[in-house]
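Comments concern the structure below.
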Amino acid sequence: MSLAVRGLTKRYGGITVLDRVDLTVEDGEIHALLGANGAGKSTLIKCISGAVTPDGGEIDLSGKVFRSLTPRQAMSAGVAVIYQELSVINTLNVADNIYLGDEMTKGPFLQRRAGKREAQAWLNRLGVDFNPGTELSGLSSADLQVVEIVKALHREPSVLILDEPTAALSEAEVKRLGQHMRTLRSQGLPLLFITHRLAEVFEFADRVTVLRGGRVVLSCSVHQTDRHALVEAITKVEHPAGGRASAAAAQASASVGDEGTARLQVHDLLGPGIGPIDLDVQARETVGVFGLVGSGRTELVETIFGARKRRSGTVSVDGRGVRMKDSADAVAAGVALIPSDRMRKSLFIDIRADENVLFPSYGRLSRRGMWRDRRGERKLFKEGADQINLDPPVASQVARRFSGGNQQKLVLERWLQLGEACSVMLLDEPTQGVDVGARGELYAAIRGFAEGGGAIVFTSSEADELLQVADRIVVLARGKVVCEYERGAVTESELVEAAHFGETSEGPDSHEMATSHAVTDHEGEADR
C-alpha cells in the first residue's frame with residue numbers, strides 16, 4: 001500500500017477537526033472520500049500534503065512513517081495533490097505548464113524539444129488527443145485537469161489526491177476525466193478522490209470512506225453500500241429519498257403566486273452569448289434554468305443583473321422597467337445575484353463573517369447615518385446565522401475559515417436579511433461544491449425566500465437538483481430557451497436529452513421545441 005493514515009488527529013483550540021482517522025489507499029485503487037462541508041476532508045488532505053501539522057497519529061507513505069510532514073517532505077515522499085482551483089497558466093502551452101518550475105535544462109539552456117517529447121509520452125499514456133504545443137486557452141476544463149495530472153505524474157508520485165476535480169465539469173467532461181482515472185488505476189497508481197457527487201462514487205471508485213465530525217463513520221467497498229447508506233452516513237439523517245435535500249424538496253410544491261404582473265419580467269433580452277430570451281417569474285415561484293456547459297446559464301443571470309452588458313431588451317421588476325447598467329442598479333431595484341464562483345465573485349474571504357453578511361445593511365442599521373449600531377448588527381447577524389444554521393455561528397471568524405457550504409450560507413444570508421428590499425434572487429449553481437446536508441439547508445432557506453413572496457431564478461448543471469427545487473424548468477442551448485416544463489411533467493433523462501438536442505440539432509427551432517414540450521394539461525397544473 002502507498003498511503004495509510006492511522007489515528008490521525010488535529011485540533012484547533014478546543015475543537016477537534018480530525019479524531020483518530022484511519023484511511024488506507026491501496027495500489028491500483030480509486031478511493032472516494034466523502035463528507036459534509038466541515039467534516040474534516042480538507043484538513044486530512046492538508047495533513048497528508050504537509051500544509052498542516054497533525055497533533056497525533058501517523059502517515060505511512062510507501063512504508064515510510066511520518067508523525068508530520070512539511071510540504072517539501074510530502075512532495076519528496078511522492079504525495080501529489082490536484083486542487084479544485086487549478087494552478088495552470090493560460091498564456092503558456094501544455095508542455096510549459098507541465099514543467100513550470102521544473103524545466104528540463106542542459107547547462108544554462110532550456111531543453112524545450114526534450115520537454116515536449118517527454119510531455120507527449122505522458123499525454124499518450126493517458127490517451128488524450130491534444131499535443132504539448134497546444135495553448136491552454138483552447139482547452140476544455142477537463143483537459144486542463146489532465147494537464148494538472150500530467151504535471152503531477154512526471155514527478156512520479158506514490159499517491160495522487162484529486163480534490164473535487166469534477167465540480168466545474170460538464171457531464172461529458174466528467175466521463176472523460178473518469179476514463180483517465182481508470183487508466184491511472186490500471187497502471188497501479190493509488191488515487192484518493194474527493195467528491196460531493198454520489199453518482200461518481202459508484203461510477204469510478206473501488207472503495208469509499210465517509211467522514212462526519214472529523215471521524216470515519218463508514219469505510220467499505222463501493223459494492224457493499226448504496227446511495228441511501230452514504231447519505232445517511234454523511235448527514236446522520238434517515239430519509240428514504242436522499243436525506244435533508246429531499247425533505248426540502250418535499251416543500252418545493254408550495255403554491256406559486258396568483259397570475260398577474262410577474263415579479264420579474266425579461267423580454268427580448270439580448271447579450272453576449274444569449275438571446276433573445278423571454279422569461280417571466282411570478283412571486284413565490286422558483287424557475288430552474290438547465291443546460292449543458294456553455295449553454296448560456298451564467299450569461300443569462302449576469303446579464304439580467306447588469307454584470308454583463310445588455311445589448312437590447314427589457315427587464316422589469318414588479319412592472320417597473322429597470323435599466324440595470326450595473327450591479328448597483330440591480331440591488332437598488334431589489335435584485336440579488338449569487339454567482340457560481342463564490343471565492344472570486346461573492347465573498348470577501350479575508351474579512352469577518354458578520355461583515356460579509358451585513359455590508360449591504362450598514363446604512364439602514366446606522367444611527368442618523370453617522371454611527372454604527374453595534375448592538376443591532378450583532379442581533380441581525382445572530383438571527384441570520386440561526387436561520388441558515390451557520391456552522392460555526394461565529395461573527396468574528398473570517399470567511400476563508402468556513403467550509404464551502406457555510407461560505408455559501410454567508411452569501412445567501414447577505415441578501416435574505418434585506419427582507420422586502422430584495423424581491424428577486426438570481427442563483428447561479430448555488431450548490432456547486434456543497435455537500436448533501438448543506439444543500440438541504442440551502443434549499444430550505446431559498447424556499448423560505450420564495451414562500452415570503454420572492455421570485456427565484458435557479459441555474460444548475462444537475463437535472464435532478466432542479467427537479468427537486470423548481471416549480472418550472474426552462475432548458476437553454478446556444479443561449480436560447482429551447483423548451484419549458486411545468487413541475488412534475490418531465491424526467492431527468494428528458495431534461496438531459498432536451499439540452500443535448502438543443503445544442504446539436506438542426507431540426508425544429510427553439511419556438512417549435514418549446515411548443516412541443518410545453519405543458520398544456522391543466523389538471524397537472526392544478527396538482528402542482
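The values are calculated or read from the model by the stated rules, or taken from the named source; none is laboratory data. Just so it is clear, the structure is predicted and the values come from calculations on it, not from any experiment. In this analysis, Cβ positions are derived from the backbone assuming ideal geometry, glycine residues included, and neighbour counts consider all displayed protein chains.
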Between residues in the range 193-215 that are closer than 17 Å to I45 by Cα and residues that are charged (D, E, K, R) and part of a strand (DSSP E or B), which pairs lie under 6 Å by C-beta distance while being six or more apart or on different chains?
I194/D163; G214/D19; R215/D19
Touching a residue at least 24 places away in the same chain (Cβ under 8 Å) and either outside the structural domain of G63 (by TED's automatic domain parsing) or polar (S, T, N, Q) (or both) - does that describe any residue in the range 103-118?
no
Just for the range 438-461: of the residues that are surrounded by 24 or more Cβ atoms within 10 Å (Cβ to Cβ), among the small types (G, A, S) and within 26 Å of E173 (Cβ to Cβ), which one is modelled with the highest pLDDT?
S460
So which helices (runs of 4 or more DSSP H) stay within the range 365-455 end to end and still have 2 or more residues that are in contact with a Gly (Cβ under 6 Å, 6 or more places away or on another chain) and under 27 Å from Y12 (Cβ atoms)?
404-416, 436-451
Can you tell me which condition G369 does not meet? The list is (1) surrounded by fewer than 22 Cβ atoms within 10 Å (Cβ to Cβ); (2) at pLDDT 80 or above; (3) not charged (D, E, K, R), and all the others hold.
(2)
Please verify whether A4 is closer than 30 Å to D341 by Cβ and surrounded by 15 or more Cβ atoms within 10 Å (Cβ to Cβ), treating the condition exactly as stated.
no
Exclusive hit being modelled with pLDDT under 90, charged (D, E, K, R) and touching a strand residue (DSSP E or B) at 6+ places or on another chain (Cβ under 8 Å), set D464, D435:
D435
Testing V256 on (1) crowded, with 16+ Cβ neighbours inside 10 Å; (2) modelled with pLDDT of 55 or more; (3) more than 28 Å from D22 (Cβ to Cβ), one condition comes back false. Which one is that?
(2)
Tell me which residues, restricted to the range 286-322, are touching a helix residue (DSSP H, G or I) at 6+ places or on another chain (Cβ under 7 Å), outside any loop (DSSP other than H, G, I, E, B) and more than 24 Å from A444 (Cα to Cα).
V315
Residue list for the range 287-314, restricted to those being surrounded by fewer than 19 Cβ atoms within 10 Å (Cβ to Cβ), in contact (Cβ under 8 Å) with a residue 40 or more places away in the chain and charged (D, E, K, R):
R311
If A333 satisfies every condition in (1) touching a helix residue (DSSP H, G or I) at 6+ places or on another chain (Cβ under 8 Å); (2) modelled with pLDDT of 80 or more; (3) of a type in the set (A, V, I, L, M) but one, which is the exception?
(1)
By residue number, the members of the range 113-151 that are out of contact with any strand residue (DSSP E or B) (no Cβ under 7 Å at 6 or more places or on another chain) and small (G, A, S) are A114, G115, A119, A121, G127, S137, G138, S140, S141, A142
Filter the range 81-103 down to residues that are in contact with a strand residue (DSSP E or B) (Cβ under 9 Å, 6 or more places away or on another chain), among the hydrophobic types (A, V, I, L, M, F, W, C) and crowded, with 17+ Cβ neighbours inside 10 Å, then give me how many there are.
3
